[in-house]
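Here's the structure, in structure tokens; my notes come after.
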Amino acid sequence: MLATDINPAWLDPRGTYEVRRHDLAADPPPEPGTFDLVHARLVLVHVPDRARALATMVAALRPGGWLLVEDADTELQPLVCLEETGPAQQRANRLRRAFRELMTHRGADLRYGRTLPRTLREAGLVDVAAAGSFPVGGTVCDRLEIATIRHVRAELVAARLTDDAEIDAHLAAVAAGEFDLTLAPLISAWGRRPDR
Ligand SMILES: C[S@@+](CC[C@H](N)C(=O)[O-])C[C@H]1O[C@@H](n2cnc3c(N)ncnc32)[C@H](O)[C@@H]1O
């Protein structure tokens, strides 16, 4: 098993898999035509040359091998709080809008998820199917929201999309368990490279 990333710092080098630095949009596929399964989650949405990245993954498959690609479609459901019951929920959704604006400026396609079945067919895969889902509430959503906002905090403030006081108030409310947060809908699409 091989795990790749353009920045493998988060991958455990002592895991039961090989870790390799690999740029999906610039490097040739590792061991082309050999993999039974190639999986990428929440990667393509961040890569400007998505077509090339997808072609690289398809080229890594053996004939008959499966590709599973999972990406968000935040335009399908853009809120982080489905119920805006008060100012804290409105603030949370305002920050989510600011985050989406930042992602758009970075070149992310916030409607990419919905394109996956068509994109996989156009890449030559067969037996293509897809499904979408998102959780509502729970500590996993809270933890991810806190990590995400901390990660982009400096960029949000520098872009004047929010300020430190608003971010601090939001992080405190999330940590206090005041919300039923949601994540962006995740579209999972899979398809098979045709047999020879
Ligand atoms: C949102 S994280 C998703 C991480 C993991 N796949 C998951 O689902 O938890 C996006 C990952 O894509 C990686 N990435 C971004 N551009 C890439 C590229 N051109 N080639 C390979 N990996 C890339 C980033 O380094 C980051 O680890």
Using alpha carbons only: equivalent-ellipsoid semi-axes of the stretch 140-189, gyration tensor based, whole Å:
21, 16, 8
Gained length - Asp36 relative to Glu122, 0.36 nm times residue gap less alpha-carbon distance:
29.0 nm
Calculated FRET efficiency, Arg192 and Thr85, Cβ-Cβ r, R0 45 Å, to nearest 0.05?
0.50
Burial ranking of peptide ranges 147-153, 13-19, 92-98, 58-64 (average Cβ count within 10 Å, highest at the top)
92-98, 58-64, 147-153, 13-19
C-alpha center-to-center spacing [the stretch 170-196, the stretch 6-33] in angstrom:
23
Considering the stretch 8-76, what Rg and Dmax in Å follow from its alpha-carbon atoms?
12.8, 38
Relative contact order (%) - criterion: Cα under 8 Å, at least six apart; region: the stretch 1-79
29
Candidates Leu144, Leu11, Leu68, ranked by Gaussian network fluctuation over the chain, Cα under 10 Å, top entry:
Leu11
In whole percent, the fraction of accessible protein surface over the chain that belongs to carbon or sulfur atoms, probe radius 1.4 Å, stands at 54
Per-q log10 I(q)/I(0), the stretch 44-186, q = 0.11 Å⁻¹ (Debye; single scatterer per alpha-carbon; no solvent):
-0.49
Give me the Å³ per residue figure for the convex hull around the C-alpha atoms of the stretch 50-99.
99
Give the peptides 177-183, 79-85 in descending order of average Cβ contacts within 10 Å, highest first.
177-183, 79-85
Using a 1.4 angstrom probe, figure out how much accessible area the chain has per residue, in square angstrom, rounded to the nearest whole.
56
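The values are calculated or read from the model by the stated rules, or taken from the named source; none is laboratory data. Being a predicted model, the structure only gives us computed values, none of them experimental. Quick reminder, even Gly has a Cβ in these numbers, built from the backbone with ideal geometry, and neighbours come from all protein chains shown. In case anyone asks, the SASA skips ligands and DNA or RNA and just uses the protein heavy atoms, side chains included. Shrake-Rupley method; radii C 1.70, N 1.55, O 1.52, S 1.80 Å.
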